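The values are calculated or read from the model by the stated rules, or taken from the named source; none is laboratory data. None of the values given here were measured: they were computed from a predicted structure. Don't worry about glycine lacking a Cβ; one is built from the backbone with ideal geometry, like all the others, and counts go over all protein chains shown.
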Amino acid sequence: MVFSYYIYKYPYKISWHIKSLFGLDNIAFYCADPLDYEMFEHINKYLPKVTIIAKNKKTKIYLSAKGINYKTMPVFPKVVIMGRHEHYKFDVKRIIKIGFDHGLYQFKRWTSNKYYNGFDVYFVSSQDQVEIAKKRGIKSTVAIGYPKLDNAFNGTYNDEYLNKIRLRHNINSSKKTIIFTTTWNVDGLSAIEKWIYRINELTDDFNILLTAHTWTEPKLLNELKNIKNAVFLEEFDITPYLMIADIFVGDYNSLIGEFCSFDKPIITFKVPDSDRSIPEVKELIKKISIQIDEFSEIKEAINKCIQFPTEKSEERQKANKILFYKLDGLAGKRAADIILNLMENK
């Protein structure tokens, strides 16, 4: 808990109770990062008017660019929703607190139980996660699926929509499209330096899409942006590009799981064990992908994916049952229904 919390706590409580006599914000969404909103917008569309709270300058710029009105703290809601463990900023028992994972499944380790049990409900992507959470003494988790992927499965991102993206980026339909991704380059889990300086060897034969964790070292991000004849993806939500891609290349990033939902070939660079990695997740990645050690193996792996695209399909489908509650485009609606039911009954 940050020290400022103890200075902030009691004035906020008193102000909330005074404000409740005159009228509170009904539902508020505490937006700590643009990525949080990319997940929440698929829940938001099923809810009555929501007050958006911007945590920082980065988020304010993002929301303004989307034409979204926002407030800054303090805000006094009946219900607060967030994709971060910051429920302590709304430390009033009568406030309904809803949390969600902004990343897929359990690619990161669970933190302290109190960060999850401080929520009335904490949404996760699968029932498997709920069972794991229970064993750790976490009681608030509810499986809904993964709202970020809803538009991929509810018809929003249809062929017409995807074709417009292909045209915008001059993606050649006669070539296979490969997306290269990477996790944050700490603890040895990122393989970016194995391919970033050699990716140009593939740009003549394939459409190459590039993305990286937003916290990746700026020097490497700039390098990615300047690779010729490749498309660096600036968007926070790259779901349509996952749909366009024929082959995915990653390391230890949750985008692997998102791409798995489309049951298409995956290549992953092997990474060492780390305090951030989870053995079960590493094993799952191994089962659903062709694993390689170095870039020198990439062309052979790509050719194998092209020739035998269904080779790991059975494993991918098994993984989807672990990673997702359902892939029906309705995860956001399930979340909203639970929130509205809580409001009605609390």
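Some observations on this one:
- The listed residue being touching a residue at least 12 places away in the same chain (Cβ under 8 Å) and outside the structural domain of ASN253 (by TED's automatic domain parsing), out of TYR10, TYR37: TYR37
- Looking across segment 302-332, just one residue is of a type in the set (S, T, N, Q) and under 19 Å from GLY103 (Cβ atoms), and that is ASN320.
- Output for segment 126-155, where each listed residue is polar (S, T, N, Q) and free of Cβ contacts under 8 Å to residues at least 60 places away in the same chain: GLN129, SER140, THR141
- A residue that is of a type in the set (Ser, Thr, Tyr) and touching a Ser or Thr at 6+ places or on another chain (Cβ under 6 Å) occurs nowhere in segment 134-145.
- Test for GLU297: is it assigned to a helix (DSSP H, G or I) and surrounded by fewer than 22 Cβ atoms within 10 Å (Cβ to Cβ): yes
- Count - residues of segment 98-120 that are in contact with a Ser or Thr (Cβ under 6 Å, 6 or more places away or on another chain), more than 19 Å from PHE259 (Cβ to Cβ) and surrounded by 18 or more Cβ atoms within 10 Å (Cβ to Cβ): 2
- Residue in segment 250-258 that is within 18 Å of ASN151 (Cβ to Cβ), charged (D, E, K, R), within 21 Å of the chain's Cα centre (by Cα) and not in a helix (DSSP H, G or I) present: no
- Test for VAL130: is it outside any helix (DSSP H, G or I) and surrounded by fewer than 20 Cβ atoms within 10 Å (Cβ to Cβ): no
- Being closer than 25 Å to LYS333 by Cα, surrounded by fewer than 18 Cβ atoms within 10 Å (Cβ to Cβ) and within 20 Å of the chain's Cα centre (by Cα) holds for only one residue in LYS58, LYS45, LYS49, and it is LYS45.
- Close contacts from segment 86-104, counting a first residue that is over 18 Å from ASP337 (Cβ atoms) and a second that is among the polar types (S, T, N, Q), with Cβ to Cβ under 8 Å and a gap of 6+ residues or different chains, come to ARG94/SER20; ASP101/SER125; GLY103/SER254; LEU104/SER125; LEU104/SER254.
Residue-wise test of (1) of a type outside the set (Lys, Arg); (2) in a helix (DSSP H, G or I); (3) over 28 Å from LYS13 (Cα atoms).
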| residue | (1), (2), (3) |
| --- | --- |
| ILE52 | yes, no, no |
| ILE61 | yes, yes, yes |
| GLY67 | yes, no, yes |
| LYS93 | no, no, no |
| LYS97 | no, no, no |
| LYS134 | no, yes, yes |
| LYS139 | no, no, no |
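- Selection from segment 197-216 of residues that are within 16 Å of ASN253 (Cα to Cα) and in a loop (DSSP other than H, G, I, E, B): THR211, ALA212, HIS213, THR214, TRP215, THR216
- When segment 71-91 is filtered for residues that are in a loop (DSSP other than H, G, I, E, B) and surrounded by fewer than 19 Cβ atoms within 10 Å (Cβ to Cβ), the ones remaining, listed by number, are THR72, MET73, PRO74, ARG84, HIS85, GLU86, ASP91.
- For segment 188-196, the count of residues that are under 21 Å from VAL281 (Cα atoms), assigned by TED's automatic domain parsing to the domain that holds GLN317 and not in a loop (DSSP other than H, G, I, E, B) is nonzero.
- Counting the residues of segment 99-127 that are at positive phi and either among the polar types (S, T, N, Q) or outside any loop (DSSP other than H, G, I, E, B) (or both) gives 0.
- Residue match in segment 4-23 (condition: closer than 19 Å to HIS85 by Cα, among the small types (Gly, Ala, Ser) and at pLDDT below 95): yes
- Test set (1) touching a strand residue (DSSP E or B) at 6+ places or on another chain (Cβ under 8 Å); (2) free of Cβ contacts under 8 Å to residues at least 24 places away in the same chain - ASP120 fails condition number: (2)
- Residues satisfying the stated conditions in segment 312-346, i.e. under 17 Å from the mean Cα position of the chain (by Cα) and free of Cβ contacts under 8 Å to residues at least 12 places away in the same chain: none
- Test set (1) acidic (Asp, Glu); (2) surrounded by fewer than 12 Cβ atoms within 10 Å (Cβ to Cβ); (3) within 22 Å of the chain's Cα centre (by Cα) - ASP204 fails condition number: (3)
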